[in-house]
Amino acid sequence: MKEMKINTRQICFIMLAYTAAAKLLLYPTILSQLCGRDLLFPAALSFLTEGIVIWSVAYLCSRTDKTFYGLLQNTLGTVVARIIYGLFALFFLMSALVPVFEQKQYVHNIFYDTVPSIGIFLPFFVFAAYAASKKLINIGRCADVCLPIFAVCMLFLYAMAIPEVKWDDFLPVLKTPAKSIFGGYVGTAFNFAEPCWLLMLMGHFKYKKGDAARITFSYAGGAAFVLMFLAVFYGMYGAVAPSRTFAVARTSLFFPAIETLGRIDLIILLTLEMVMLFALALNIQLSVHCISKCVGWNNYMVLSLIVNAALMLVIIFCDSSYNSIYSLYYRWSWLPVLVFTVLIPLAAWALKRRKRE
(Lines give C-alpha, C1' and ligand atoms only; values in the text may rest on other atoms or scores of the structure.)
Protein backbone atom coordinates (compact mmCIF):
# COMPACT_ATOMS: atom_id res chain seq x y z
CA MET A 1 0.00 0.00 0.00
CA LYS A 2 1.32 3.43 -0.93
CA GLU A 3 2.48 5.43 2.09
CA MET A 4 0.35 8.47 2.92
CA LYS A 5 2.30 11.71 2.74
CA ILE A 6 2.06 14.90 4.75
CA ASN A 7 0.46 17.81 2.92
CA THR A 8 2.66 20.85 2.25
CA ARG A 9 -0.01 22.95 3.95
CA GLN A 10 0.61 20.97 7.11
CA ILE A 11 4.37 21.51 6.85
CA CYS A 12 3.67 25.24 6.66
CA PHE A 13 1.40 25.04 9.70
CA ILE A 14 4.13 23.25 11.67
CA MET A 15 6.67 25.91 10.76
CA LEU A 16 4.31 28.70 11.73
CA ALA A 17 2.54 27.48 14.87
CA TYR A 18 5.08 25.16 16.48
CA THR A 19 8.00 27.50 15.85
CA ALA A 20 6.28 30.24 17.83
CA ALA A 21 4.58 28.07 20.47
CA ALA A 22 7.93 26.60 21.52
CA LYS A 23 9.35 30.02 22.43
CA LEU A 24 6.77 31.64 24.70
CA LEU A 25 7.94 30.63 28.18
CA LEU A 26 11.51 31.41 29.26
CA TYR A 27 12.99 32.48 25.91
CA PRO A 28 11.76 36.10 26.29
CA THR A 29 12.97 36.24 29.90
CA ILE A 30 16.47 34.97 29.09
CA LEU A 31 16.83 37.36 26.14
CA SER A 32 15.74 40.22 28.41
CA GLN A 33 18.43 39.26 30.93
CA LEU A 34 21.15 39.01 28.29
CA CYS A 35 20.27 41.86 25.92
CA GLY A 36 17.84 44.18 27.68
CA ARG A 37 15.86 46.46 25.38
CA ASP A 38 17.77 45.13 22.35
CA LEU A 39 16.40 41.61 22.73
CA LEU A 40 14.82 41.73 19.28
CA PHE A 41 18.18 41.77 17.51
CA PRO A 42 19.59 38.39 18.64
CA ALA A 43 16.15 36.85 18.11
CA ALA A 44 15.95 38.24 14.57
CA LEU A 45 19.48 37.01 13.86
CA SER A 46 18.56 33.51 15.06
CA PHE A 47 15.45 33.43 12.89
CA LEU A 48 17.38 34.73 9.89
CA THR A 49 20.04 32.03 10.26
CA GLU A 50 17.53 29.22 10.66
CA GLY A 51 15.31 30.66 7.92
CA ILE A 52 18.12 30.48 5.38
CA VAL A 53 18.76 26.84 6.28
CA ILE A 54 15.05 26.03 6.11
CA TRP A 55 14.85 27.54 2.63
CA SER A 56 17.90 25.47 1.62
CA VAL A 57 16.33 22.22 2.87
CA ALA A 58 12.94 23.06 1.35
CA TYR A 59 14.57 23.83 -2.00
CA LEU A 60 16.51 20.56 -1.80
CA CYS A 61 13.14 18.81 -1.61
CA SER A 62 12.45 20.16 -5.10
CA ARG A 63 15.48 18.27 -6.41
CA THR A 64 14.69 14.82 -5.01
CA ASP A 65 11.77 12.84 -3.67
CA LYS A 66 13.95 10.75 -1.37
CA THR A 67 14.02 11.06 2.40
CA PHE A 68 17.11 12.30 4.21
CA TYR A 69 17.75 8.73 5.36
CA GLY A 70 17.50 7.56 1.75
CA LEU A 71 20.04 10.16 0.63
CA LEU A 72 22.45 9.12 3.39
CA GLN A 73 21.98 5.47 2.57
CA ASN A 74 22.63 5.98 -1.15
CA THR A 75 25.74 8.09 -0.58
CA LEU A 76 27.38 6.83 2.62
CA GLY A 77 25.87 3.41 3.14
CA THR A 78 23.36 1.95 5.58
CA VAL A 79 25.72 1.79 8.56
CA VAL A 80 26.68 5.46 8.38
CA ALA A 81 23.06 6.46 7.77
CA ARG A 82 22.01 4.61 10.92
CA ILE A 83 24.79 6.21 12.97
CA ILE A 84 23.80 9.70 11.81
CA TYR A 85 20.16 9.04 12.60
CA GLY A 86 21.19 7.78 16.03
CA LEU A 87 22.99 11.06 16.63
CA PHE A 88 19.93 12.98 15.46
CA ALA A 89 17.83 11.00 17.94
CA LEU A 90 20.11 12.20 20.75
CA PHE A 91 19.94 15.76 19.42
CA PHE A 92 16.14 15.75 19.41
CA LEU A 93 16.12 14.44 22.97
CA MET A 94 18.57 17.17 23.94
CA SER A 95 16.28 19.73 22.29
CA ALA A 96 13.31 18.38 24.26
CA LEU A 97 14.92 18.19 27.71
CA VAL A 98 15.04 21.83 28.82
CA PRO A 99 11.62 22.67 27.26
CA VAL A 100 10.11 19.76 29.26
CA PHE A 101 11.59 21.25 32.44
CA GLU A 102 10.18 24.65 31.42
CA GLN A 103 6.73 23.20 30.80
CA LYS A 104 6.73 21.42 34.13
CA GLN A 105 7.59 24.61 36.00
CA TYR A 106 5.08 26.59 33.94
CA VAL A 107 2.22 24.20 34.73
CA HIS A 108 3.13 24.11 38.41
CA ASN A 109 3.46 27.87 38.80
CA ILE A 110 0.66 29.21 36.61
CA PHE A 111 -2.17 26.69 36.91
CA TYR A 112 -1.85 25.83 40.62
CA ASP A 113 -2.18 28.11 43.66
CA THR A 114 0.18 25.92 45.68
CA VAL A 115 3.27 24.14 44.41
CA PRO A 116 2.12 20.59 43.56
CA SER A 117 4.19 17.43 43.52
CA ILE A 118 6.17 16.50 40.44
CA GLY A 119 3.65 13.73 39.76
CA ILE A 120 1.13 16.32 38.54
CA PHE A 121 3.13 16.78 35.33
CA LEU A 122 3.92 13.12 34.67
CA PRO A 123 0.73 12.50 32.58
CA PHE A 124 2.45 14.58 29.90
CA PHE A 125 4.67 11.58 29.20
CA VAL A 126 1.60 9.43 28.57
CA PHE A 127 0.48 11.98 25.98
CA ALA A 128 4.01 12.22 24.51
CA ALA A 129 4.33 8.42 24.38
CA TYR A 130 1.06 8.14 22.48
CA ALA A 131 1.98 10.96 20.07
CA ALA A 132 5.45 9.54 19.42
CA SER A 133 4.05 6.07 18.73
CA LYS A 134 2.31 7.38 15.62
CA LYS A 135 3.74 7.73 12.14
CA LEU A 136 4.92 11.08 10.80
CA ILE A 137 1.64 11.67 8.96
CA ASN A 138 0.07 12.23 12.38
CA ILE A 139 2.27 15.33 12.88
CA GLY A 140 0.57 17.02 9.95
CA ARG A 141 -2.92 16.15 11.17
CA CYS A 142 -2.18 17.63 14.58
CA ALA A 143 -0.82 20.81 12.96
CA ASP A 144 -4.13 21.27 11.11
CA VAL A 145 -5.86 21.49 14.48
CA CYS A 146 -3.18 23.46 16.32
CA LEU A 147 -2.67 26.37 13.92
CA PRO A 148 -6.14 27.97 14.19
CA ILE A 149 -6.13 27.45 17.97
CA PHE A 150 -2.71 29.06 18.25
CA ALA A 151 -3.63 32.01 16.02
CA VAL A 152 -6.86 32.79 17.90
CA CYS A 153 -5.21 32.52 21.33
CA MET A 154 -2.30 34.77 20.36
CA LEU A 155 -4.60 37.38 18.86
CA PHE A 156 -6.58 37.48 22.12
CA LEU A 157 -3.38 37.83 24.15
CA TYR A 158 -2.11 40.61 21.89
CA ALA A 159 -5.45 42.41 22.19
CA MET A 160 -5.17 42.26 25.99
CA ALA A 161 -1.53 43.31 26.13
CA ILE A 162 -0.76 45.81 23.36
CA PRO A 163 -2.67 48.76 24.94
CA GLU A 164 -0.39 48.43 27.97
CA VAL A 165 2.89 48.47 26.02
CA LYS A 166 5.27 51.39 26.54
CA TRP A 167 7.17 51.58 23.28
CA ASP A 168 9.63 54.15 24.60
CA ASP A 169 11.15 51.37 26.75
CA PHE A 170 13.05 50.33 23.61
CA LEU A 171 14.90 53.64 23.39
CA PRO A 172 17.76 54.23 22.89
CA VAL A 173 18.28 51.42 20.37
CA LEU A 174 21.47 49.34 20.11
CA LYS A 175 23.09 50.61 23.28
CA THR A 176 23.63 47.04 24.47
CA PRO A 177 27.24 45.87 23.87
CA ALA A 178 27.66 43.68 20.79
CA LYS A 179 29.14 40.97 22.99
CA SER A 180 25.87 40.75 24.95
CA ILE A 181 23.77 40.62 21.81
CA PHE A 182 25.95 37.87 20.38
CA GLY A 183 25.74 36.10 23.75
CA GLY A 184 21.96 36.18 23.51
CA TYR A 185 22.16 34.77 19.99
CA VAL A 186 24.48 31.92 20.98
CA GLY A 187 23.14 31.23 24.48
CA THR A 188 19.56 30.67 23.32
CA ALA A 189 20.47 28.58 20.26
CA PHE A 190 18.99 25.41 21.76
CA ASN A 191 15.51 26.88 21.23
CA PHE A 192 15.94 26.46 17.47
CA ALA A 193 15.62 23.00 15.94
CA GLU A 194 13.26 23.80 13.06
CA PRO A 195 15.64 22.97 10.17
CA CYS A 196 15.98 19.47 11.63
CA TRP A 197 12.20 19.12 11.68
CA LEU A 198 12.08 19.81 7.97
CA LEU A 199 15.07 17.56 7.29
CA MET A 200 13.31 14.63 8.96
CA LEU A 201 10.08 15.37 7.06
CA MET A 202 11.94 15.52 3.76
CA GLY A 203 10.54 12.96 1.33
CA HIS A 204 7.44 12.52 3.48
CA PHE A 205 5.52 15.25 1.64
CA LYS A 206 4.94 15.71 -2.06
CA TYR A 207 6.78 18.81 -3.19
CA LYS A 208 5.05 21.16 -5.61
CA LYS A 209 6.40 24.20 -7.40
CA GLY A 210 6.75 27.13 -5.03
CA ASP A 211 6.63 25.03 -1.86
CA ALA A 212 10.09 26.18 -0.76
CA ALA A 213 8.86 29.77 -0.68
CA ARG A 214 5.63 28.79 1.10
CA ILE A 215 7.49 26.87 3.80
CA THR A 216 10.04 29.64 4.28
CA PHE A 217 7.38 32.35 4.49
CA SER A 218 5.46 30.22 6.99
CA TYR A 219 8.57 30.05 9.14
CA ALA A 220 8.88 33.82 8.76
CA GLY A 221 5.29 34.08 10.00
CA GLY A 222 6.19 32.10 13.11
CA ALA A 223 9.22 34.34 13.60
CA ALA A 224 6.98 37.42 13.31
CA PHE A 225 4.70 36.04 16.03
CA VAL A 226 7.69 35.57 18.34
CA LEU A 227 9.29 38.95 17.58
CA MET A 228 5.96 40.69 18.19
CA PHE A 229 5.56 38.78 21.43
CA LEU A 230 9.07 39.76 22.56
CA ALA A 231 8.29 43.40 21.82
CA VAL A 232 5.00 43.27 23.73
CA PHE A 233 6.57 41.48 26.70
CA TYR A 234 9.49 43.87 27.08
CA GLY A 235 7.31 46.89 26.32
CA MET A 236 5.05 45.96 29.23
CA TYR A 237 7.73 45.24 31.82
CA GLY A 238 10.78 47.18 30.67
CA ALA A 239 13.74 46.92 33.03
CA VAL A 240 12.00 44.34 35.26
CA ALA A 241 11.32 41.95 32.34
CA PRO A 242 14.31 39.72 33.28
CA SER A 243 12.56 38.84 36.54
CA ARG A 244 9.25 37.89 34.87
CA THR A 245 9.36 34.19 34.05
CA PHE A 246 6.80 32.36 31.89
CA ALA A 247 6.26 35.36 29.67
CA VAL A 248 3.11 34.13 27.94
CA ALA A 249 1.25 34.17 31.27
CA ARG A 250 2.44 37.68 32.15
CA THR A 251 1.34 39.67 29.10
CA SER A 252 -2.38 39.69 29.97
CA LEU A 253 -2.12 40.56 33.67
CA PHE A 254 -2.81 44.28 33.18
CA PHE A 255 -5.94 43.77 31.10
CA PRO A 256 -8.59 45.92 32.87
CA ALA A 257 -11.35 43.29 32.83
CA ILE A 258 -9.24 40.93 34.94
CA GLU A 259 -9.77 43.16 37.99
CA THR A 260 -13.53 42.63 37.85
CA LEU A 261 -13.92 39.24 36.17
CA GLY A 262 -10.85 37.45 37.52
CA ARG A 263 -8.23 35.53 35.53
CA ILE A 264 -10.30 35.05 32.38
CA ASP A 265 -7.00 34.91 30.51
CA LEU A 266 -6.42 31.45 32.01
CA ILE A 267 -8.97 30.08 29.53
CA ILE A 268 -6.75 31.29 26.71
CA LEU A 269 -3.59 30.04 28.41
CA LEU A 270 -5.06 26.58 28.97
CA THR A 271 -6.11 26.39 25.33
CA LEU A 272 -2.72 27.61 24.15
CA GLU A 273 -1.08 25.02 26.41
CA MET A 274 -2.40 22.29 24.12
CA VAL A 275 -0.46 23.74 21.17
CA MET A 276 2.68 24.13 23.27
CA LEU A 277 2.47 20.47 24.32
CA PHE A 278 2.14 19.31 20.71
CA ALA A 279 5.15 21.45 19.77
CA LEU A 280 7.11 19.95 22.67
CA ALA A 281 6.10 16.40 21.72
CA LEU A 282 7.34 16.93 18.15
CA ASN A 283 11.01 16.66 19.15
CA ILE A 284 10.24 13.47 21.09
CA GLN A 285 8.35 12.00 18.14
CA LEU A 286 11.19 12.78 15.75
CA SER A 287 13.65 11.22 18.19
CA VAL A 288 11.62 7.99 18.17
CA HIS A 289 11.52 8.12 14.35
CA CYS A 290 15.32 8.44 14.22
CA ILE A 291 15.84 5.61 16.71
CA SER A 292 13.57 3.41 14.60
CA LYS A 293 15.74 4.06 11.55
CA CYS A 294 18.92 3.62 13.58
CA VAL A 295 18.05 0.19 14.99
CA GLY A 296 16.01 -0.96 11.99
CA TRP A 297 12.94 -1.70 14.11
CA ASN A 298 9.54 -0.19 13.32
CA ASN A 299 7.74 -0.89 16.59
CA TYR A 300 7.12 2.78 17.37
CA MET A 301 5.02 2.03 20.44
CA VAL A 302 7.77 0.17 22.29
CA LEU A 303 10.44 2.67 21.24
CA SER A 304 8.21 5.55 22.31
CA LEU A 305 7.62 4.00 25.74
CA ILE A 306 11.36 3.51 26.23
CA VAL A 307 12.23 7.08 25.17
CA ASN A 308 9.52 8.71 27.27
CA ALA A 309 10.30 6.55 30.29
CA ALA A 310 13.95 7.59 30.06
CA LEU A 311 13.00 11.25 29.70
CA MET A 312 10.59 11.00 32.63
CA LEU A 313 13.27 9.52 34.87
CA VAL A 314 15.64 12.35 33.98
CA ILE A 315 12.96 14.91 34.87
CA ILE A 316 12.22 13.19 38.19
CA PHE A 317 15.79 12.66 39.37
CA CYS A 318 17.30 15.87 37.95
CA ASP A 319 14.49 18.20 38.96
CA SER A 320 16.63 19.92 41.58
CA SER A 321 19.49 20.30 39.08
CA TYR A 322 17.53 22.31 36.53
CA ASN A 323 19.61 25.49 36.97
CA SER A 324 22.84 23.56 36.40
CA ILE A 325 21.38 21.89 33.30
CA TYR A 326 20.20 25.22 31.93
CA SER A 327 23.63 26.74 32.56
CA LEU A 328 25.23 23.85 30.66
CA TYR A 329 22.85 24.40 27.74
CA TYR A 330 23.55 28.13 27.76
CA ARG A 331 27.31 27.58 27.52
CA TRP A 332 27.61 24.63 25.17
CA SER A 333 24.36 23.84 23.32
CA TRP A 334 25.32 26.16 20.47
CA LEU A 335 27.84 23.56 19.26
CA PRO A 336 25.42 20.65 18.58
CA VAL A 337 22.87 23.18 17.32
CA LEU A 338 25.40 24.50 14.82
CA VAL A 339 26.24 20.99 13.64
CA PHE A 340 22.72 19.54 13.44
CA THR A 341 20.61 22.55 12.43
CA VAL A 342 23.05 24.34 10.12
CA LEU A 343 26.03 22.32 8.91
CA ILE A 344 24.37 18.94 8.30
CA PRO A 345 21.25 20.37 6.58
CA LEU A 346 23.46 22.46 4.29
CA ALA A 347 25.78 19.50 3.67
CA ALA A 348 22.75 17.45 2.54
CA TRP A 349 23.16 19.13 -0.85
CA ALA A 350 26.36 17.11 -1.33
CA LEU A 351 24.52 13.77 -1.01
CA LYS A 352 23.66 11.75 -4.08
CA ARG A 353 20.14 12.31 -5.23
CA ARG A 354 18.05 11.25 -8.16
CA LYS A 355 15.89 13.80 -9.91
CA ARG A 356 12.23 14.11 -9.07
CA GLU A 357 9.91 12.17 -11.30
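For the range 243-251, the count of residues that are at pLDDT below 95, of a type in the set (V, I, T) and either in contact with a Ser or Thr (Cβ under 7 Å, 6 or more places away or on another chain) or at positive phi (or both) is nonzero.
Of the residues G262, G296, which single one is exposed (fewer than 15 other Cβ atoms within 10 Å of the Cβ) and closer than 21 Å to A81 by Cβ?
Details: G262 fails: closer than 21 Å to A81 by Cβ.
After ruling out the rest, the residue left standing is G296.
Note on the range 62-77: among residues that are out of contact with any Lys or Arg (no Cβ under 6 Å at 6 or more places or on another chain) and hydroxyl-bearing (S, T, Y), the one that is surrounded by the most Cβ atoms within 10 Å (Cβ to Cβ) is T67.
Would you pick out the residues in the range 61-77 that are assigned to a helix (DSSP H, G or I) and out of contact with any helix residue (DSSP H, G or I) (no Cβ under 6 Å at 6 or more places or on another chain)?
Of the range 61-77, the ones assigned to a helix (DSSP H, G or I) are 68-76.
Result: G70, L71, N74, T75, L76.
Residue check: is I291 part of a helix (DSSP H, G or I), open to solvent by less than 30 Å² (accessible area, probe 1.4 Å) and either touching a Cys at 6+ places or on another chain (Cβ under 7 Å) or β-branched (V, I, T) (or both)? For I291, the condition - part of a helix (DSSP H, G or I), open to solvent by less than 30 Å² (accessible area, probe 1.4 Å) and either touching a Cys at 6+ places or on another chain (Cβ under 7 Å) or β-branched (V, I, T) (or both) - is not met. The residue that is most open to solvent (accessible area, probe 1.4 Å), counting only those in the range 1-26 that are farther than 18 Å from G51 by Cα and not hydrophobic (A, V, I, L, M, F, W, C), is K2.
Rundown of residues vs (1) small (G, A, S); (2) under 17 Å from the mean Cα position of the chain (by Cα), yes/no style:
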| residue | (1), (2) |
| --- | --- |
| D265 | no, no |
| M276 | no, yes |
| K293 | no, no |
| A310 | yes, no |
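Among the conditions (1) open to solvent by 40 Å² or more (accessible area, probe 1.4 Å); (2) over 25 Å from the mean Cα position of the chain (by Cα); (3) at pLDDT below 95, P116 misses just one, which is (1). Given the structure, is V80 assigned to a helix (DSSP H, G or I) and either among the aromatic types (F, W, Y) or surrounded by fewer than 17 Cβ atoms within 10 Å (Cβ to Cβ) (or both)? Yes: the conditions hold for V80. The residues of the range 1-54 that are within 25 Å of V173 (Cα to Cα) and of a type in the set (S, T, N, Q), listed by number, are T29, S32, Q33, S46, T49. Given the criteria open to solvent by less than 40 Å² (accessible area, probe 1.4 Å), assigned to a helix (DSSP H, G or I), of a type outside the set (A, V, I, L, M) and within 23 Å of R37 (Cβ to Cβ), does F225 qualify? No, not satisfied. Residues that are more than 17 Å from K5 (Cα to Cα), β-branched (V, I, T) and more than 18 Å from the chain's Cα centre (by Cα) within the range 119-156 comprise I120, V126, V152, listed in sequence order.
Considered as a group, the residues in the range 137-183 that are more than 18 Å from A249 (Cβ to Cβ) and among the aromatic types (F, W, Y) include one that is surrounded by the most Cβ atoms within 10 Å (Cβ to Cβ), and that residue is F170. For the residues V339, V248, V302, the requirement of being surrounded by 15 or more Cβ atoms within 10 Å (Cβ to Cβ), assigned to a helix (DSSP H, G or I) and either among the hydrophobic types (A, V, I, L, M, F, W, C) or in contact with a Cys (Cβ under 8 Å, 6 or more places away or on another chain) (or both) singles out V248.
Got at least one residue in the range 274-288 being more than 25 Å from G203 (Cβ to Cβ), open to solvent by less than 30 Å² (accessible area, probe 1.4 Å) and at pLDDT 95 or above? Write out each step before concluding.
Initial filter on the range 274-288 (more than 25 Å from G203 (Cβ to Cβ)): 274-277.
Then keep just the ones that are open to solvent by less than 30 Å² (accessible area, probe 1.4 Å); that gives 275-276.
Among the residues that remain, those that are also at pLDDT 95 or above are: 275-276.
There is at least one residue in the range 274-288 that is more than 25 Å from G203 (Cβ to Cβ), open to solvent by less than 30 Å² (accessible area, probe 1.4 Å) and at pLDDT 95 or above.
The values are calculated or read from the model by the stated rules, or taken from the named source; none is laboratory data. Computed from a prediction, not measured in an experiment: that's the story for all the values here. Every residue, glycine as well, gets a Cβ built from its backbone with ideal geometry; the counts of neighbours run over all protein chains shown. We work out accessible area using only protein heavy atoms, side chains counted, and drop any ligands, DNA or RNA first. Shrake-Rupley method; radii C 1.70, N 1.55, O 1.52, S 1.80 Å.
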